[in-house]
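I have placed the structure first, in the form of structure tokens, so that the comments after it can refer back to it.
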Amino acid sequence: MSVLEDVTTNVNKIQDSVLEAILSRNAQTEYLRGFLNGQLDKQSFKKNLPIVTYEVIKPHIDRIANGEPSDLICDRHISLLLATTGTSGGIPKLIPLTAEELEQRILFGFLYAPLVFKHIEGLTQGKSLMFYFVTRESETASGLMVRFMITCVLKSVNPTNSFLWDRVQISPHAIAICEDTNQAMYCQLLCGLLQRENVARLGAPYASSFLKVIKFLEDHWHELCSNIRTGRLSDWITDAQCVSGISKFLTAPNPDLANLIEQECSKTSWEAILRRLWPKAKCIEAVITGTMAQYIPLLEFYGGGLPLVSSWYGSSECFIGINLNPLSKPSDVSYTIIPSMGYFEFIEVVKDRQEAGHVPADPVVVDLVDVKIGHDYELLVTTFSGKFLYRYRLGDVLRVTGFHNNAPQFYFVGRQKVVLSIDLSKTYEEDLLKAVKNASLLLEPHDLMLMDFTSRVDLSSLPGHYVLYWELGSKFKNAKLYPNSNVLEECCLTVEESLDSVYRKGRKNDKIIGPLEIKVVKPGAFDELMNFFLSRGSSVSQYKTPRSVTHEGALKILESKVAYKFLSRKSPSWELHELHSSR
């Protein structure tokens, strides 16, 4: 029996063993002693250990960051703090990481990597052009290193022994660990174009980061072609690792290749540009579930039919599941939970007419083996290395789709997070994403695409109302992006019609919510928004556009880029009906 089959068959036994190991290891830590008093059985764990959020455990993490010993929370030495991708305010959370946990996460990749090769024919005939970017690391007051997960993995590769990396990746490891994102992105693209016939797989950790690469290519292809035509690297590429890495491939002028790339990039439309530039690529690999699902139409447009592969599901806090069917449609992607990665519990999320995604104050918690098909759950994690995540609310909503052997499979719905709220109306991230997806379909007949979006609540006048910031793109180069007012007003109404009955009643009958507004921003607005959050500590590889914005600096950027404004001219119907759901 393979390792994968074993861990998905003996789920209950493995989960019990994981919890036992966590509790026995960390029994003498200050945190667990305060709750368990030496009682290390499963029942005591569930009865006495509270369900926590980051805000609850942050004071303990701050103590570690300020130099207190690791045994405050964990029996293993905490080697560094992992920075998460941040909140709507852009400030990353810090999660303790042990060397053992890092090794376990790297080994996690060996579980899902063979599945991709098994299901996609031809991957072994070339290399991967996967775009990775490190973020400059920092230190806490006590000297503890702070890194993002991608940076952590990339820097764990020994530079003197990077031949394994270079066997599977188009770009040398030296380029991937360049801390100047623009230089790293440029040189990775240049490597990929110079070796275009040897690229079997394209991608990045997340759909959003891969689309940033495509936008960068759109802005720099003239210069890239010039480098290839002359055999000379641009003068602004000064990082020694980038210069050394690219010198292995940019060895002589290649005007024929430059002309070919120029011909493809100069065409009226960039539809299928990835397939045209890399004709032997078999797939695009990136996370495309949850909030990343919004980018699927753009990836399909640029990919020209290349399969979209979402291999794994995880977070800075814990790696959790893998996709056993990499070629499934994006809407059908299900991840199988790997029970050896942590101890997992679930709070059922009840959809009702009053409040979407409501979790009661005293929720019923079920074990991994007791979840039910078709039900939505919020995930609780207790990490194997005792990384001070005990019954931690990850905030993700998962919909159970089936089982592989005895291991549940699930679709990642999105974050259990209210993104917009007026009076009694609360709009969750999942519902906002669905509403925007429904409305964006109205753009397709007009050759327009929704490139990105975020939102806020405007209470500057009464009644308050929702504001969506949309950045639009055209399917054709140099086309005017003036949106038809009737179409955008219909988009406003479609968003409102897609929201729950509490919102719609507040809009139409109670008059406590004003008409929804869409503000179309100028091209590049969301790049500036990303740069703003990067300056506050986010990571390019792991950056996710916040679906609601409250930070004054971020709002200032968006408002300065508004080109057009549209309001819903009609009131949505408010009769009670079932929320849009795939259940």
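The values are calculated or read from the model by the stated rules, or taken from the named source; none is laboratory data. Since the model is a prediction, treat every value here as computed from it, not as a measurement. Methodologically, a virtual Cβ is constructed for each residue, glycine included, from the backbone with ideal geometry; neighbour enumeration extends over all protein chains shown. These area figures cover heavy atoms from the full protein model, side chains too; ligands, DNA and RNA do not enter into them. Shrake-Rupley method; radii C 1.70, N 1.55, O 1.52, S 1.80 Å.
A few remarks follow.
- Of the residues Ala272, Ala293, the single one that is without any contact (Cβ under 8 Å) to a residue 60 or more places away in the chain and small (Gly, Ala, Ser) is Ala272.
- Output for region 476-524, where each listed residue is under 29 Å from the mean Cα position of the chain (by Cα), part of a helix (DSSP H, G or I) and not acidic (Asp, Glu): Leu488, Cys491, Cys492, Leu493, Thr494, Val495, Ser498, Tyr503
- Residue in region 405-419 that is open to solvent by 10 Å² or more (accessible area, probe 1.4 Å), small (Gly, Ala, Ser) and within 24 Å of Val502 (Cβ to Cβ) present: no
- Region 1-25 residues that are over 22 Å from Thr98 (Cβ atoms), paired with ones that are surrounded by 14 or more Cβ atoms within 10 Å (Cβ to Cβ) and of a type in the set (Ser, Thr, Tyr) (beta carbon under 7 Å, 6 or more apart): Thr8/Thr336
- Residue in region 93-116 that is in a loop (DSSP other than H, G, I, E, B) and under 21 Å from Gly342 (Cβ atoms) present: yes
- In this structure, Leu164 does not qualify as of a type outside the set (Asp, Glu) and surrounded by 21 or more Cβ atoms within 10 Å (Cβ to Cβ).
- Entirely in region 383-470, the strands (runs of 3 or more DSSP E) that have 1 or more residues that are at pLDDT 95 or above and in the same structural domain as Ile373 (by the TED database): 392-404, 407-415
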